[in-house]
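First comes the structure, then the notes that go with it.
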Amino acid sequence: MDMAVAITVLVAFASVALSSGEVYKVGDKAGWTTLGNVNYTAWAANKNFKVGDIIQFVYNKDFHNVAEVSLEDYKSCNAGSPKATYKSGNDSITLRTDGHYFFLCAVPGHCAVGQKVDIQVAKLAPSAAPSSPPEAVPPSNPATPPTEGTPPTEGPPQPQPSGASATAESRVVGFLMVVLAFAATFGGLMLPR
């Protein structure tokens, strides 16, 4: 009976580890800002978002916010009737369904200079492999200079894994737990009693 309990616990831990979503910091190192000409369209196009992933908006809450809006409001930079508004400066949003999630900064003028992002969560069949990144809607006017009260950081932002390596590590741990559970079940490993 002790072996059955140990195997059940190992399989449960493995299931949790293998089902973890990735965490993506919007804008990578630059974060959610109008400085540095961050191209959020290009940032999102290089990602393969899945249900369960988490997108994280990190920003100076004195200058920015995050509003989830409809496609129409996204295209017109209208934050008048958002689906949700976030103001903490460090907002994590779990992608719970497939489809598009449209976000913009509701501070006047920020969306117009490109502070908006279209997150497309692919609809995959249970056994389908990830496909190429989705195309996103381009920003309205990326050439307009930033209008924020803090000085820009030096150099262009560098892409960051944004939690992807932590997720990969948890998947490896989960895989190893499954291997141990099978080995214990089929006699390849003797667990102390």
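The values are calculated or read from the model by the stated rules, or taken from the named source; none is laboratory data. Just so you know, these numbers come straight off a predicted model, no measurement behind them. When we count neighbours, we look across all protein chains shown, and the Cβ atoms used for this are built from the backbone with ideal geometry, even at glycine. These area figures cover heavy atoms from the full protein model, side chains too; ligands, DNA and RNA do not enter into them. Shrake-Rupley method; radii C 1.70, N 1.55, O 1.52, S 1.80 Å.
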Residue list for the range 107-143, restricted to those being buried (at least 20 other Cβ atoms within 10 Å of the Cβ) and at pLDDT 95 or above
H110, C111, V113, G114, Q115, K116, V117, D118, I119, Q120, V121
Inside the range 48-59, can you point out the residues that are touching a residue at least 60 places away in the same chain (Cβ under 8 Å), surrounded by fewer than 20 Cβ atoms within 10 Å (Cβ to Cβ) and assigned to a loop (DSSP other than H, G, I, E, B)?
N48, K50, V51
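If you take the residues in the range 1-27 that are among the charged types (D, E, K, R) and either within 17 Å of H100 (Cβ to Cβ) or at pLDDT below 95 (or both), which one is most open to solvent (accessible area, probe 1.4 Å)? Give the steps one after another, and end with the answer.
First, pick out the residues of the range 1-27 that are among the charged types (D, E, K, R): 2, 22, 25.
Filter again for either within 17 Å of H100 (Cβ to Cβ) or at pLDDT below 95 (or both), leaving 2, 22.
Numbers: D2: 107, E22: 31 Å².
Here the answer is D2.
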Can you tell me which condition Y74 does not meet? The list is (1) assigned to a loop (DSSP other than H, G, I, E, B); (2) touching a helix residue (DSSP H, G or I) at 6+ places or on another chain (Cβ under 9 Å), and all the others hold.
(1)
Reported set for the range 69-106 where residues are open to solvent by 30 Å² or more (accessible area, probe 1.4 Å), among the charged types (D, E, K, R) and without any contact (Cβ under 8 Å) to a residue 60 or more places away in the chain is E72, K83, K87, R96, D98
Applying the selection to the range 17-56, what residues are closer than 11 Å to Q115 by Cβ, among the hydroxyl-bearing types (S, T, Y) and touching a helix residue (DSSP H, G or I) at 6+ places or on another chain (Cβ under 8 Å)?
T34
Taking V38 as the residue in question, decide whether it is under 19 Å from R96 (Cα atoms), in contact (Cβ under 8 Å) with a residue 40 or more places away in the chain and among the aliphatic types (A, V, I, L, M).
no
Lone unmet requirement of (1) out of contact with any His (no Cβ under 7 Å at 6 or more places or on another chain); (2) within 14 Å of T34 (Cα to Cα) for Q56:
(2)
